[in-house]
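What follows is one structure encoded as structure tokens, with my remarks underneath.
FYI, it's all coordinate maths here, none of it is from the lab. In this text, all values refer to a predicted model and were calculated from it rather than measured experimentally. Cβ placement follows ideal geometry from the backbone for every residue including glycine, while neighbour counts extend to all protein chains displayed.
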Amino acid sequence: MFRTPNRPAALALSLAVPVGLLVAWFLATSLGGIKTYQLASPADVARELGVLWSNGLLWRHLAASIERVLLGFGFALVFAILFASIVGLSRPVEAALDPTLQAIRSIPSLAWVPLLLLWLGIGEDAKVTLIAIGAFFPIYVNLVSGIRNVDRKLVEVGQVLGLGRIELARRVVLPAALPSLLVGARIGLTQAWLFLVAAELLASTRGLGFMLTEGQQIARTDEILTAIVLLALCGKFSESIMRAIEKRLLHWTDGLPA
Amino acid sequence: MRRAIEIDGLSKRFGRRAVFERFDLFVEPGETLAILGASGCGKSTLLRCIAGLVRPDSGTIAVRDELGFVFQEPRLLPWLTVEKNVAFAARSDVERARVRDVLELVGLTGAAHLLPKQLSGGMAQRAALARTLVRNPKILLLDEPLSALDALLRLELQSSLAQIIRETESTAVLVTHAVDEALYLADRVAVLDGAPARQSLELTVPSALRRSHTADLTHERIALLSALGIENRVPKRSHRGLRVVGP
């Protein structure tokens, strides 16, 4: 009943919706129903992309955003693994730390912005920190639950072999929780892109979020749409990379392919 | 000679249910003792107490040599190959050098590079056995190690197990609910019943009839089945090697 389509068929299916949307967009703008200042046509966006490419701004904006996302995501990954390992492996630490972290987690991301600006100024630090906060929690939550759900039977194997707590964590619990970590990292990276836009909308002179604000200020829908298209491509690309990493690191799992 | 395992006055409760109350048991060095009993009578708990996985409420358990534990399921680490799963238990270079040898002993040399998900049930259980053997433990605790396998495979692995126990000169405690498995592998069989568990019967398998799938052990079988409440005939106290314990 749920037959998996073969590769070319799957590719065609996955392209059908974007192509349909593109055609609809083209028709809506070329038939004169919608004014350019309300919605630029695909051709305008392509032209804008060409201009940005030739004057080097495309790479300048992309590089700024990618750098912020990678930095923020990197910090989030390191701190989330650290905190989740401590919380996941020790009930007393969990009792002490987890409620606070859960409370911080429920704060809407933008509520941090004024504080971050006051503390860290309008430079890179505030942006990277905001992105790190956004990416931290999905990784943390998934890894803690992964550690909690490690098969007790595997832990017992370590126990009868006389492994100490640290050895048990390093050789049994953390490797067994790797699938959860990778799921968390994939969601965290998506969150990082989300928070990037929030960070760059505030105060920046380059980046995809800056393109959005600039386009709005000078009423250029082609620039706004170009930024949106680039964000979509970046998001999809980073998701694909994460899936490839998952596939490579989790070849030992016995589940259905994702 | 000092006993390999000596349990003295073991008591253990789970909540309000007493599993053991002042329970005694011993295992001689080099002996294979089978512990037989219905599901839930506490035989696995007994093994887990010996291995230190469960803490007794009172009583002493003296273990005079290094232990190895084989679980009912293989419990291989799914991210490691067979070889690395076996090497996982190795603590020294000497033990790491033994990995290939124990894989050969259990007949898995050709499967060393496979992941657990690529193994059949019998292969996985052999790999688990190899992981236990790599440390060369003098005492093997076997918690229904063959019960998840189909009947033919079980016979085959029973022979392998018997051979390995003999070659490694191990002391073994085998927990099982299969009468024939107990009679085939053990030198001595203890039957547990009731809650709290008590030893209701002890039986020594005649040495001439050990480790044979075709030996005529009808009397022993009847004695064990009746102790388990399956057969109605009462075993004769005077029968060879048979001791009815308790009331």
Value in Å of the Kirkwood radius, where the range A:116-171 supplies the Cα pairs that are averaged: 14.2 Å
Residues with amide H under 5 Å from that of B:Val19, placed H, sequence gap 5 or more: B:Lys12, B:Arg13, B:Phe14
Nonlocal amide H pairs with B:Leu242, under 5 Å, H built at 1.01 Å: B:Thr204
Shape category assigned to the range B:57-164 from the gyration tensor of Cα positions, a/c cut at 1.5: oblate
Stokes-Einstein D in µm²/s, Kirkwood radius over Cα pairs - the range A:114-258 at 20 °C with 1.002 mPa s viscosity: 120 µm²/s
For the range B:122-136, 3J(HN,Hα) per residue [Karplus equation, 6.51 cos²θ - 1.76 cosθ + 1.60, θ = phi - 60°, Hz, x = Gly/Pro]: x, 5, 4, 5, 5, 4, 5, 5, 4, 4, 6, 6, 4, 8, 6
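I need A:Ile122, A:Ile131, B:Ile7 ordered by Cβ neighbour count within 10 Å, fewest first.
A:Ile122, B:Ile7, A:Ile131
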Ratio of the Cα radius of gyration of the protein assembly as shown to 2.2 N^0.38 Å, where N counts its residues: 1.39
Cα gyration tensor category, rounded, prolate or oblate, for chain A with a/c compared to 1.5: oblate
Dipole magnitude of chain B about its Cα centre (Cβ charges: Lys, Arg +1; Asp, Glu -1), debye to nearest 20: 500 debye
Signed unit charges on C-beta, dipole axis of the range B:101-167, positive-most listed residue B:Leu108, B:Ala124, B:Asn136: B:Asn136
Coarse-grained scattering of the range A:10-106 at q = 0.10, 0.17, 0.21 Å⁻¹, given as base-10 log I(q)/I(0) from a Debye sum over alpha-carbon atoms: -0.63, -0.90, -1.07
Radius of gyration and Dmax over the Cα atoms of the range B:105-247, both given in Å: 16.8, 55
Placed amide H near B:Phe69: partners under 5 Å, 5+ positions off or other chain: B:Leu141
Solution diffusion estimate, µm²/s, Stokes-Einstein, chain B, Kirkwood Rh from C-alpha pairs, 20 °C, viscosity 1.002 mPa s: 115 µm²/s
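Taking K and R as +1 and D and E as -1, what net charge do the other residues with C-beta under 14 Å from the C-beta of A:Ile228 add up to?
So the environment of A:Ile228 carries a net charge of -4.
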Separation of the B:Arg16 and A:Leu110 label points, Cα + 7 Å toward Cβ, nm: 5.8 nm
nm² value of the averaged projected area, convex hull over the Cα atoms of the range B:1-136: 9.9 nm²
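Going by how many other beta carbons lie within 10 Å of each one, how would you line up B:Ile139, B:Ile230, fewest first?
Arranged by neighbour count, lowest to highest, B:Ile139, B:Ile230 become B:Ile230, B:Ile139.
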Residue among A:Thr36, A:Ser106, A:Leu58 farthest towards the positive dipole end of the range A:1-110, charges placed on Cβ: A:Thr36
Whole-Hz couplings from phi, Karplus 6.51/-1.76/1.60, listed for the range A:27-33; x for Gly and Pro: 5, 4, 8, 7, 7, x, x
Sites matching chymotrypsin sites (Phe, Trp or Tyr not before Pro) across the range A:29-64 that sit in DSSP coil, with at most 14 neighbouring C-beta atoms within 10 Å: A:Tyr37
Average Cα contact separation per residue, chain A, under 8 Å, 6 or more apart, as relative contact order %: 23 percent
Fewest-first ranking of A:Val113, B:Val99, A:Val23, B:Val86, using other Cβ atoms within 10 Å as the exposure measure: A:Val23, A:Val113, B:Val99, B:Val86
Candidates B:Gly107, B:Gly37, B:Gly15: whichever shows maximal mean-square fluctuation once chain B is modelled as a Gaussian network with Cα springs under 10 Å: B:Gly15
Projected area averaged over orientations for the range A:171-225, convex hull of C-alpha atoms, nm²: 5.1 nm²
HN-Hα J in Hz across the range A:208-224 - Karplus 6.51, -1.76, 1.60, θ = phi - 60°, x for Gly and Pro: 5, x, 4, 4, 5, 5, 4, x, 5, 5, 9, 6, 10, 5, 5, 5, 4
Inter-centroid distance (Cα atoms) of the range A:132-165 relative to the range A:188-230, Å: 37 Å
